[in-house]
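The values are calculated or read from the model by the stated rules, or taken from the named source; none is laboratory data. Worth saying up front: this structure is predicted, and the values here are computed from it rather than measured. Cβ: placed from backbone, ideal geometry, glycine included. Neighbour counts: every protein chain shown. Protein only, heavy atoms only, side chains kept; ligands, DNA and RNA dropped before computing areas. Shrake-Rupley method; radii C 1.70, N 1.55, O 1.52, S 1.80 Å.
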Amino acid sequence: MIADSIKPRLVPNVELISFEDKTLLILEVYPSGSRPHWLKKEGPEEGVYVRLGSTNRKADRELIAELKRGAEGKSFDEQTLPDRTVDNLDFDAATACFERHRQLVKKDMESLRLVARYQGHLVPTVGGMLLFGKDREMVFPDAWIQCGRFIGKDKADILDHIDIHEHLPVAVERVMEFLKKHAMRGADFSELRRKDVWSIPLTILREAVVNAIVHADYSQRGAPVRIAFFDDRIEIENPGILLPGLTIEDMLQGVSKIRNHVIARVFRELDLIEQWGSGVRRMFKEAEAFGLPQPEIIEVGMRVRFIVYLANPLVLPPETGPGWDQLGTNLPTQLSTQLSTQSDVSVQRLLLAIKDGEKSSGALRSILGIKHRPTFRDNYLHPALDAELIEMTIPEKPSSSKQKYRLTAKGNELLATEQQGGVE
């Protein structure tokens, strides 16, 4: 039956074993270098199936391609993009990400596999474009991250959302800023310096976000990485089922298979990944240490979802809406109203950088360590200006080379609130 029904030819180990008063037929199928296999009657395009939990699922074109790459020992993000040039990668952004670790030089782009040789010249790899591509979403339109804070325990009502389109290493911080924005923050004064205590497990969530980005199947269409914040849990979901041969039980035992070798390598160099295969076990152990319900890993459709349950639900009142001042941002009501759709953490960093006197845009970017002008403009400067927390020193000439920025009365009020430990 196996020989007649499956192609390429599959040769399992077949044994008859006596057990008590019965004879058992044992079939052991070893990993195949000829995968994917398919049902002859359905053909190679329609006859490939994968196992998801207790069900069989027909593989689509992208999954079939991934099975072929896996058999060849290749990853999707190692493939070259011959229709692109090295200039399509943002070397300055890559340098900024690495500046705390080492000085990045042009030749490192090849050793990191951000670029590779194709017909004698260097071109970006898929991983290079995903990590630092200037026009990444022209090539991979779904390589972004969607975050949402929902009211209640389902997706019926959404309070706030943000779409993150920044370079993947930077996107990790943007996700964490969004989660902090909607968490409750307290303070621990048991040590000499104030220590923030958050109502969500930041270390577990950061690890889960990194895992989702590193292990996402970017060959899928219409499926960005999604982070959903509910009253009682946070769900981190990435496109792509578990790699063939890997089970959830394996992951809990520390077994790891890397889907994106280039992205994983860069994240490892940036210390965003601490140790291969240790992330899932560490998250479960930390959840137990924090007294949290055990996290869940489930496969939903062609996606993997990691669920982190909160120790205490963050229930939003029925009248919740933009401007509600108990979202954990610790801002006065009138300020949170104006910043409700912006990154409060970024704005607060800007205010701290400017608190001791007026500064130019260049000086502020230097203090904040931001070389990418659009990132500074869109996530820091404009939100603070729109909220009237800062103002121009030469408002009649916004583009003046002598333009500087200073705190307004509202900006000073926000900083004073922060120094007092925030609004309880």
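Within the range 377-424, track down each residue that is modelled with pLDDT of 85 or more and of a type in the set (Lys, Arg). Within the range 377-424, Lys397, Lys402, Lys404, Arg406, Lys410 qualify. Restricting attention to the range 364-378, the residues that are surrounded by 15 or more Cβ atoms within 10 Å (Cβ to Cβ), of a type outside the set (D, E, K, R) and free of Cβ contacts under 8 Å to residues at least 60 places away in the same chain add up to 3.
Filtered by the rule that a residue be farther than 27 Å from Glu66 by Cα, assigned to a helix (DSSP H, G or I) and open to solvent by less than 50 Å² (accessible area, probe 1.4 Å), the range 76-130 gives Phe91, Ala93, Ala94, Thr95, Ala96, Cys97, Phe98, Asp108. The strands (runs of 3 or more DSSP E) falling completely within the range 225-301 include none with 2 or more residues that are open to solvent by less than 50 Å² (accessible area, probe 1.4 Å) and in contact with a Cys (Cβ under 7 Å, 6 or more places away or on another chain).
May I ask you to verify whether Asn56 is open to solvent by 80 Å² or more (accessible area, probe 1.4 Å), polar (S, T, N, Q) and at negative phi? Against the criterion (open to solvent by 80 Å² or more (accessible area, probe 1.4 Å), polar (S, T, N, Q) and at negative phi), Asn56 qualifies. Within the range 203-224, the set of residues being part of a loop (DSSP other than H, G, I, E, B) and of a type outside the set (D, E, K, R) comprises Ala216, Tyr218, Ser219, Gln220, Gly222, Ala223, Pro224. Within the range 34-45, the set of residues being touching a strand residue (DSSP E or B) at 6+ places or on another chain (Cβ under 7 Å) and open to solvent by 90 Å² or more (accessible area, probe 1.4 Å) comprises Lys40 only. Do we find that Gly152 is surrounded by fewer than 20 Cβ atoms within 10 Å (Cβ to Cβ) and at positive phi in this structure? Taking the combined requirement at face value, the residue satisfies it. One residue stands out in the range 386-418 among those that are of a type in the set (A, V, I, L, M), free of Cβ contacts under 8 Å to residues at least 60 places away in the same chain and open to solvent by less than 70 Å² (accessible area, probe 1.4 Å): the one that is farthest from Gly362 (Cα to Cα), namely Ala416.
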